[in-house]
């Protein structure tokens, strides 16, 4: 590979590690590439679709002229796998915050779980989590939340194409979901808990696909660095 190739444009498939922000992953690759190829200061690089630090999996990073493809790539449908913990909720709908309420689960059966998934197939109304990066009144929602300010969040339309339960070991429920751009899986976990007449929050999340791009073909930032270093 050469500087010219990265400037002309490349689509890089990265398997983002848990706890890393998407911004961190992009910065790491930018540092590796600039150090190796002496790229200009204004070298363009960006990611197509943010992944929360508490999620792992496919992060698509575009370089050079291919940064123009970002909007097109992130508009494609996405696939995730993960785990919902039922019987408890958190303000962030995931493990970023502590449990704030607990609920009964004795009534939850495998049949009820499988039947409830049907409510979420197709176009649904979804409220983004209060701990999200969406802007309201010039501030991101998580900034309002951390300041203890209550804000009214508008629901938005999103589409769930597939919602498959892959393991039931209560209080944990594993799933695979295929959805449209802008779907919050944390909100899906919370709403699923409500639909079960209980509570729920997300305890694990991994993005496996964006369009035809698959995490099976992705590499970790460390392996990317090794690959670049080993080039003659």
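The values are calculated or read from the model by the stated rules, or taken from the named source; none is laboratory data. Everything quoted here is computed from the prediction, not taken from an experiment. Positions of Cβ are backbone-derived with ideal geometry, glycine not excepted, and every protein chain shown enters the neighbour counts.
Please verify whether region 102-124 includes one or more residues that are exposed (fewer than 15 other Cβ atoms within 10 Å of the Cβ), in contact with a strand residue (DSSP E or B) (Cβ under 8 Å, 6 or more places away or on another chain) and modelled with pLDDT under 95.
No: zero hits.
When you scan region 200-212, do you find a residue that is over 26 Å from residue 13 (Cβ atoms) and modelled with pLDDT of 95 or more, even just one?
yes
Taking region 33-68 as the region of interest, how many residues are in contact (Cβ under 8 Å) with a residue 60 or more places away in the chain and either within 25 Å of residue 160 (Cα to Cα) or surrounded by fewer than 18 Cβ atoms within 10 Å (Cβ to Cβ) (or both)?
Summing the residues that are in contact (Cβ under 8 Å) with a residue 60 or more places away in the chain and either within 25 Å of residue 160 (Cα to Cα) or surrounded by fewer than 18 Cβ atoms within 10 Å (Cβ to Cβ) (or both) in region 33-68 gives 13.
Considering only region 69-100, how many residues are closer than 13 Å to residue 199 by Cα, within 17 Å of the chain's Cα centre (by Cα) and either free of Cβ contacts under 8 Å to residues at least 40 places away in the same chain or surrounded by fewer than 16 Cβ atoms within 10 Å (Cβ to Cβ) (or both)?
0
Tally the residues that are in a helix (DSSP H, G or I) and either closer than 15 Å to residue 81 by Cα or in contact with a strand residue (DSSP E or B) (Cβ under 8 Å, 6 or more places away or on another chain) (or both), restricting the search to region 150-199.
Here the count works out to 10.
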